[in-house]
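The values are calculated or read from the model by the stated rules, or taken from the named source; none is laboratory data. These figures come from a predicted structure and were not determined experimentally. Reconstructed Cβ throughout: ideal geometry from the backbone, glycine too, with neighbour counts over all protein chains shown.
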Amino acid sequence: MTMERSDRNEQWREELRAMYSAKQRTVIPRVKMPELPMPYRVTVDDEVRQGLSVEQAVLEARRCLDCPDPGCVKGCPVHNDIPGFIKNIERREFASALQVLRRTTVLPAVCGRVCPQEKQCEGNCTYTKMHKPPIAIGNLERFVADNERLNHPEAQAEKLPISPLSLKIAVVGSGPSGLAFAGDMARRGFKVTVFEAMNWFGGVLKSGIPRFCLPKYVVTYEIERLKELGVEMVANCHVGTDVTYAQLLEQGYKGIYVATGAGKPRLMNIPGEDLPQVLSAQDYLACVTQSYCPAIHVDIENLKGKSVAVIGGGNTAMDAVRAAVRGGAERVMIVYRRGEDEMPARADEIRHAREEGTDFLCLRNPVEYVADSHGNLCAMRLQVMELGEPDCSGRRKPQPVEGLLEEVPVDLVIVAIGYLPNPPLTLPDELDMSRHGRILVDEESMKSSAPAIYAGGDIVRGPATVILAMGDGRRAAQSMTDAFQRMIEGTSLS
């Protein structure tokens with residue numbers, strides 16, 4: 001994957017840096033994004049974080065030191081030219097800032113909202129070495145994308161010069177990895193068709209993230225921009241059932257990128273887990289976001305007077321518990337087997353959940369869900385945990401405290417402890433799979449063992465972030481393009 005960087009030595013950049021000294025820039029406090037106030041925000045589905053104003057964005061951009069060797073770019077899985085777009089914001093060239101971003105990302109408005117910047121680009125910002133708050137890179141990325149959608153919706157999507165490799169490419173799945181791959185291939189001049197099994201596009205961006213975090217219209221706008229690049233989108237087409245991989249190749253598709261995600265819930269296999277009031281976060285959030293309720297017999301839209309527990313400490317868990325608040329639940333709880341400091345969720349997600357009334361039951365792990373005489377969930381039994389030595393992830397391993405159990409009343413449990421891959425049906429015999437159902441690929445090229453088939457995102461790496469899935473898509477697009485070039489020069493795509 002190429003790193004597309006603008007020229008730091010352009011005259012306007014040098015003049016911009018000279019306007020303020022490093023000391024003047026570093027004393028500017030990080031700009032706080034306005035948010036909907038409590039308690040109003042839990043009564044609506046409106047987006048909580050309201051975005052930066054023009055003046056706020058320009059002031060925050062002024063903090064950027066335009067480093068000669070920017071760590072933020074190295075920390076970004078898609079290698080956005082972060083100083084390049086931020087310096088354009090500082091000089092109020094917002095269209096140019098977006099143009100810089102769109103060289104490497106097709107979803108800037110999405111990534112600005114949901115990416116874990118504190119662990120990636122912002123976590124590698126020079127300011128962190130000075131023990132100061134990093135540049136609000138995610139907020140600025142969102143500002144640039146929203147500025148176009150709100151103020152210049154007529155702007156045309158940028159197309160790069162068409163390559164001589166005008167070949168048909170198929171993408172299976174319209175989540176973030178598939179969309180990133182499709183955008184990069186379309187900009188290179190390939191004829192790209194995205195096949196989606198559902199009747200909407202966007203995958204987890206629309207079915208798994210509530211509107212108060214990521215409004216649907218934001219995702220729809222980004223997808224429409226892809227269509228302007230020439231990407232064809234086909235809904236209600238399950239590759240593997242409605243059309244096989246072999247048939248796609250017979251129809252003239254020269255390359256296939258599989259990005260079907262990880263949609264199978266991971267369960268704990270404990271007593272009571274089959275009770276109707278114990279749901280997976282995937283099914284619960286699909287109900288909340290899409291009114292798509294597979295085999296759910298619980299009125300999740302009216303939780304008035306109910307106690308709801310969400311098992312897990314990631315972003316999905318925070319989304320689910322905050323959705324339950326908006327559903328009217330009287331008590332909402334996060335149950336997590338480690339401490340709050342070990343939670344993988346974004347800091348803002350945890351903060352918002354706490355502000356909205358969530359009880360955090362940390363160092364607790366469910367061991368049984370208890371039913372009443374009518375067969376309905378009435379309580380959960382929790383094992384008290386303590387942290388031992390670090391495990392392979394570097395986090396301290398939770399272990400049970402013998403003899404310490406707690407019973408907590410609860411009416412609805414939402415399990416958010418991760419997902420398993422969704423292996424496509426009727427896969428080619430040559431395609432190697434792991435025992436966990438992931439497609440095995442070369443990590444550098446994202447090429448599978450089957451001819452012409454590449455794969456990326458959660459179907460390869462398991463549940464991960466939007467930006468990591470997009471990074472896979474970009475890497476696969478570069479690799480497939482290189483392979484076609486070699487094929488033209490006389491070698492094989494496989």
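Which residues, counting only those in segment 99-145, are among the polar types (S, T, N, Q) and either in a helix (DSSP H, G or I) or buried (at least 24 other Cβ atoms within 10 Å of the Cβ) (or both)?
Gln99, Thr104, Thr105, Gln117, Asn124, Thr126, Thr128, Asn139
Conditions tested, residue by residue: (1) touching a strand residue (DSSP E or B) at 6+ places or on another chain (Cβ under 9 Å); (2) aliphatic (A, V, I, L, M); (3) closer than 24 Å to Met318 by Cβ.
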{"residue": "Leu140", "(1), (2), (3)": "no, yes, yes"}
{"residue": "Ala155", "(1), (2), (3)": "no, yes, no"}
{"residue": "Gly189", "(1), (2), (3)": "no, no, no"}
{"residue": "Leu205", "(1), (2), (3)": "no, yes, yes"}
{"residue": "Val218", "(1), (2), (3)": "no, yes, yes"}
{"residue": "Ile223", "(1), (2), (3)": "yes, yes, no"}
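What number of residues within segment 407-427 are buried (at least 17 other Cβ atoms within 10 Å of the Cβ) and either at pLDDT below 85 or assigned to a strand (DSSP E or B) (or both)?
Matching residues across segment 407-427 total 11.
Checking Thr465 against (1) in contact with a Ser or Thr (Cβ under 7 Å, 6 or more places away or on another chain); (2) not assigned by TED's automatic domain parsing to the domain that holds Ala329: exactly one of these is not met. Which one?
Unmet for Thr465, out of (1) in contact with a Ser or Thr (Cβ under 7 Å, 6 or more places away or on another chain); (2) not assigned by TED's automatic domain parsing to the domain that holds Ala329: (1).
Checking Gly202 against (1) more than 21 Å from Ser280 (Cα to Cα); (2) touching a helix residue (DSSP H, G or I) at 6+ places or on another chain (Cβ under 8 Å); (3) free of Cβ contacts under 8 Å to residues at least 40 places away in the same chain, which test does it fail?
(1)
Which residues, counting only those in segment 26-58, are buried (at least 17 other Cβ atoms within 10 Å of the Cβ) and in a helix (DSSP H, G or I)?
Within segment 26-58, Arg41, Val42, Gln56, Ala57, Val58 meet the criteria.
Table: residues versus (1) assigned to a helix (DSSP H, G or I); (2) over 20 Å from the mean Cα position of the chain (by Cα).
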{"residue": "Asn147", "(1), (2)": "yes, yes"}
{"residue": "Ser174", "(1), (2)": "no, no"}
{"residue": "Leu179", "(1), (2)": "yes, no"}
{"residue": "Ala186", "(1), (2)": "yes, yes"}
{"residue": "Ala197", "(1), (2)": "no, no"}
{"residue": "Cys213", "(1), (2)": "no, no"}
{"residue": "Glu224", "(1), (2)": "yes, no"}
{"residue": "Thr241", "(1), (2)": "no, yes"}
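Pairs, please: C-beta under 8 Å, at least 6 apart or cross-chain, first residue more than 20 Å from Arg475 (Cα to Cα) and in segment 93-112, second basic (Lys, Arg) and not in a loop (DSSP other than H, G, I, E, B)?
Every condition considered, the pairs that remain are Ala109/Arg142; Ala109/Arg149; Gly112/Arg142.
Out of the residues in segment 72-92 that are charged (D, E, K, R) and within 24 Å of Ala476 (Cβ to Cβ), state the one that is surrounded by the most Cβ atoms within 10 Å (Cβ to Cβ).
This residue is Asp81.
Could you tell me which of the residues Ala483, Ala455 is out of contact with any strand residue (DSSP E or B) (no Cβ under 7 Å at 6 or more places or on another chain) and touching a residue at least 24 places away in the same chain (Cβ under 8 Å)?
Of the residues listed, the single one that is out of contact with any strand residue (DSSP E or B) (no Cβ under 7 Å at 6 or more places or on another chain) and touching a residue at least 24 places away in the same chain (Cβ under 8 Å) is Ala483.
So that you can scan it fast, the table gives a plain yes or no per residue for (1) of a type outside the set (Phe, Trp, Tyr); (2) not assigned by TED's automatic domain parsing to the domain that holds Asn365:
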position: Lys206; (1), (2): yes, yes
position: Pro210; (1), (2): yes, yes
position: Ile223; (1), (2): yes, yes
position: Leu226; (1), (2): yes, yes
position: Leu229; (1), (2): yes, yes
position: Val234; (1), (2): yes, yes
position: Gly240; (1), (2): yes, yes
position: Tyr253; (1), (2): no, yes
position: Asp274; (1), (2): yes, no
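Residue-by-condition table, conditions (1) aromatic (Phe, Trp, Tyr); (2) at pLDDT 95 or above; (3) not assigned by TED's automatic domain parsing to the domain that holds Glu330:
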| site | (1), (2), (3) |
| --- | --- |
| Pro39 | no, no, yes |
| Gly51 | no, yes, yes |
| Gln56 | no, yes, yes |
| Glu60 | no, yes, yes |
| Asp81 | no, yes, yes |
| Phe85 | yes, yes, yes |
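Go through segment 1-25 and count every residue that is in a loop (DSSP other than H, G, I, E, B), without any contact (Cβ under 8 Å) to a residue 60 or more places away in the chain and in contact with a Lys or Arg (Cβ under 7 Å, 6 or more places away or on another chain).
So the count comes out to 1.
Being under 29 Å from Leu404 (Cα atoms) and crowded, with 21+ Cβ neighbours inside 10 Å is the filter here, so list the residues in segment 344-360 that pass it.
Ala345, Ala353, Thr358
What do you reckon, is Ser96 surrounded by fewer than 19 Cβ atoms within 10 Å (Cβ to Cβ), part of a loop (DSSP other than H, G, I, E, B) and among the hydroxyl-bearing types (Ser, Thr, Tyr)?
no
Among the residues that make up segment 244-256, is at least one of them assigned to a strand (DSSP E or B) and under 24 Å from the mean Cα position of the chain (by Cα)?
Within segment 244-256, one or more residues are assigned to a strand (DSSP E or B) and under 24 Å from the mean Cα position of the chain (by Cα).
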